[in-house]
Amino acid sequence: RVISDGEIAARGGNQLHVNRATEATLIFTAATNARTPDPDAQCRTQLERAAERSYADLLARHRTDFRRLATRVSLTLGGDSEVAVQSVPTDQLLERAKQGGDARALESLYFAYGRYLLQSSSRQNSLAANLQGKWNAEFDPPWGSKYTININTEMNYWPAEVANLGETVDGLYNLLRLMQPNGERTAREMYGTGGFVAHHNTDGWGDTEPIDGVPSGIWPLGAAWLSLSLWDHYDYSRDEAFLRKKAYPILRAAAVYLLANLFDDGAGHLVSGPSLSPENRYLTPDGKRASLDVSPTMDIEITTALFHRVIEASKLLGTDSDLRGRLSQALPKLLPLQIGRYGQLQEWRKDYQEAEPGHRHLSHLFAVYPSNEINPSKPSLYQAARVSLERRLANGGGGTGWSRAWVVCLWATFGDGAKAEDSLRVLFSKSTWPNLFDLHPPGIFQIDGNLGGTAGIAQMLLQSQNGTVDLLPALPPAWQEGAVTGLRARGGLTVDLLWRNGRLQEAKLHAIHRGTFALRVPKPVSVSLRAGETRVLTF
C-alpha cells in the first residue's frame, strides 16, 4: 500500500510509480500458507489496519514495543567505552580490537547488538530465529536459511533468558508445536515408537525426518535438545502455567521417544542408536572414516538432561508418576561418560581416534555448557572436558563464528575470563563483518555466532546452575570496572551488578517469586527474598 499526496500508478505489472509528490509512505506486509489458510486475506487486513494509522503513530508504536525489551538490560565496561560507542564508527572499533587495542566499547556494543538481533527475529507471532534471523536477502540462501537443530538453533536462544528476553522463546515454542505432529509420525513410522523425534534439520513446515546423508542426518536428538530451551524458560521465570500448558507436553513427548529408543548393550547399560556425534567422524581400526555409533557422548548427556527435567517437571505438576518412575530407573543405567587416552572426555562410546581433532562441533561438551551436568562437583570429568576443549583448540578448532562463540561460553563456564575474552577477540578478528554480522565461511552471515557470543558475555558476568547464582564468575582482567543491569538468574531473579578494580562492589537483586538464593561472590552468601522484593548488597 502506498499513501501519498502525489499521483500513484502501477505500470507493467511490476512497477509502482509515484509522481508529483512531497512524500510517500510505503506499507509492506507478508504472509504464507504455511502459517495461515488465506495469506492474501491476512495481508489485506493488515494493510487496511496499518493504513488507518499515521506514519508517526506506527513509528511510535514500534519504538514503544522495541524499548520495552531493549532497555531492560544495559552493559558498560568502564573507561571511555560509552563515549567510544557513540563517537567512533563500528568498523573502527572492530579494527582496533583486531589490532589488540581496547575492545571494551566493542564488547558492550556487541552484547547490545545480539539482544537486538534476537528480539527482532523471534516473537510471539513468529517462528523461531533461523540461520539468518530476519536478514536473509536471498531467494536461495545458504542451507535454505532454515533451522539446523544440532547446535545452531539452540545457540540462538542461549542468551534469551539470562539477557532478559524470555518472550523470544515464544517463537521457538511455535516452531516446536509445528514440528511435534510430524515428529510423532516420524517416531512411529521410522522407529516404531511413541513420542517426538526430530533429526538435525527442520524448516518452516516442521519436517523431522533425516536429511543430508549419514554424517549429519542420522542423529535423532534434535527435538530433545531443542525442547530443553522450554525448560530453561520455566526455570528462569518459574511460570508454572507455561510449564504445564506449553513446555511439559513437548518435553514429555521427547523423553518418551528417547526412553523407547534405549536398549540393553549386554553389559548392563542402556544405550541408544544408531546415532552420531553431530557432523564429526572417527577413524576405525583399519583407518577408515566413520560416523555412526551407539550412544555417542552427546546423546547420553542430552538424554540425562532431559530425563532429569521431565522428572522434576512431573513432580511439580503432580502428573505422570509411572513415566517418572521409568525415567528414574533408566537414568543410572545409561552408559557412563568416559575419559580417553589423552585425559580427554571421550566423544564416542569407544576411545576412537578423531578424524578431525580440530572439528568445529564441540558436541561432547554439551554437559559443561549449556547443560552443566559436568561441573566442579565431578572433578575428573570436569578436568577431562577442559582437556577436550584444549585439544580442539590446539588442533585448529573454533574456526567458525558459532563454534568460537561456544568456546567463549565454555571458557566462561570453566571460570577462565581471560581465555573467554581472548576467544571473544578471535570471534571479532576472524568471524565478524564491519556491521557486526557473524561471518561463517565462505562469507556467509549466520546469526548464531552473534547470539552465542552474546550469551558468552553474559556467562562471564552471571551464571546460575545447580541452585547457585555466581556473580562475576569469569570476569576478564581487561574488564576492571563496569556495570550491568537487568540480567536474569534461574529461580526468577533479576540482577544488577557494579564492580571496580576487578571486584564486585554492589549487587541489586529483585525476586519475581519468593525464594532463597545461594550466591557465590566469591564466598557463599544466602539471601531470602519475598515476591516482588528488591535488595541491594554491598561488598
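Largest first, the three principal axis extents of the alpha carbons in segment 321-476 are 53, 38, 29 Å in whole numbers. Taking a straight Cα-Cα cut-off under 20 Å and skipping sequence neighbours fewer than 8 places away in the same chain, the aspartates and glutamates within cross-link reach of Lys430 are Asp91, Glu95, Asp102, Glu107, Glu390, Glu421, Asp422, Asp438, Asp448. Its Cα gyration tensor gives segment 254-378 an equivalent ellipsoid, and the semi-axes of that ellipsoid, as √(5λ) in whole Å with the largest first, are 28, 16, 12.
Relative to the present Cα-Cα distance, how much length would full extension add between Asp264 and Asn19 at 0.36 nm per residue of separation?
Working: separation 245, 0.36 × 245 = 88.20 nm, distance 7.56 nm.
Here the segment from Asp264 to Asn19 would lengthen by 80.6 nm.
Once the gyration tensor of the Cα atoms in segment 382-468 is diagonalised, the equivalent ellipsoid follows with semi-axes of 22, 16, 10 Å, ordered largest first. Placing dummy labels 7 Å off each Cα toward the beta-carbon, the span from Lys245 to Asn395 is 4.9 nm.
3J(HN,Hα) couplings calculated from phi for segment 469-476 with the Karplus curve 6.51 cos²θ - 1.76 cosθ + 1.60 (θ = phi - 60°) are, in sequence order, 10, 9, 9, 6, x, 8, 6, x Hz; Gly and Pro show x. Each semi-axis of the equivalent ellipsoid for segment 25-64 is √(5λ) with λ an eigenvalue of the Cα gyration tensor; in descending order they amount to 23, 11, 7 Å.
Which residue, Thr485, Phe539, Val495, has the largest displacement toward the positive end of the dipole of segment 417-539 when charges sit on each Cβ (Lys, Arg +1; Asp, Glu -1)? Going by the Cα projections, it comes out as Phe539. If the viscosity is 1.002 mPa s and the temperature 20 °C, what translational diffusion coefficient in µm²/s does Stokes-Einstein give for segment 393-539 when Rh comes from Kirkwood over Cα pairs? In µm²/s, the coefficient rounds to 133.
Restricting attention to segment 354-444, which trypsin sites (Lys or Arg not before Pro) occupy a DSSP loop and are surrounded by at most 11 other Cβ atoms within 10 Å? In loop regions of segment 354-444 (DSSP not H, G, I, E or B), there are no sparsely surrounded trypsin sites (Lys or Arg not before Pro).
Is the shape of segment 180-315 rounded, prolate or oblate, going by the alpha carbon gyration tensor and its root eigenvalues a ≥ b ≥ c, with a/c under 1.5 for rounded and a/b larger than b/c for prolate? Prolate, because a/c is 1.5 or more and a/b exceeds b/c. On the principal axes of its alpha carbon atoms, segment 269-316 extends 50, 22, 12 Å, with the longest extent given first. Sites listed here are trypsin sites (Lys or Arg not before Pro) in segment 466-539 whose DSSP assignment is loop and whose Cβ has at most 14 other Cβ atoms within 10 Å: Arg514, Arg530. Scan (1) 0.96; (2) 1.23; (3) 0.98 for the value of Rg/Rh (Cα atoms, Kirkwood Rh) calculated from this model and give just the label. The calculated read-out lines up with (3).
I'd like the FRET efficiency for Ala355 and Asp65, computed as 1/(1 + (r/R0)^6) with the beta carbon distance as r and R0 of 35 Å, rounded to 0.05.
0.10
Debye sum, Cα scatterers, segment 39-145, no solvent: what log₁₀ I/I(0) at q = 0.11, 0.13, 0.18 1/Å? Each listed q maps to, in turn, -0.56, -0.75, -1.09. Under 30 Å of direct C-alpha separation, and excluding same-chain neighbours fewer than eight residues apart, Lys288 reaches these lysines: Lys350. Taking a straight line from the alpha carbon of Lys523, these lysines sit under 29 Å away, with near neighbours fewer than eight places off in the same chain left out: Lys378, Lys419, Lys508. So which GluC sites (Glu not before Pro) in segment 117-181 end up in coil per DSSP with only 10 or fewer other C-beta atoms within 10 Å? For GluC sites (Glu not before Pro) across segment 117-181 that sit outside H, G, I, E and B with at most 10 neighbouring Cβ atoms in 10 Å, the list reads Glu138. The convex hull around the C-alpha trace of segment 469-539, projected and averaged over every direction, spans 4.2 square nanometres.
For segment 115-198, the normalised intensity computed at q = 0.12, 0.16, 0.22, 0.27 Å⁻¹ comes to -0.40, -0.67, -1.03, -1.24 (log10 of I(q)/I(0), Debye sum over alpha carbons, equal scatterers, no solvent).
Just so you know, all these numbers are worked out from the coordinates, no wet-lab data involved. All values derive from a computational prediction rather than experimental measurement. Quick reminder, even Gly has a Cβ in these numbers, built from the backbone with ideal geometry, and neighbours come from all protein chains shown.
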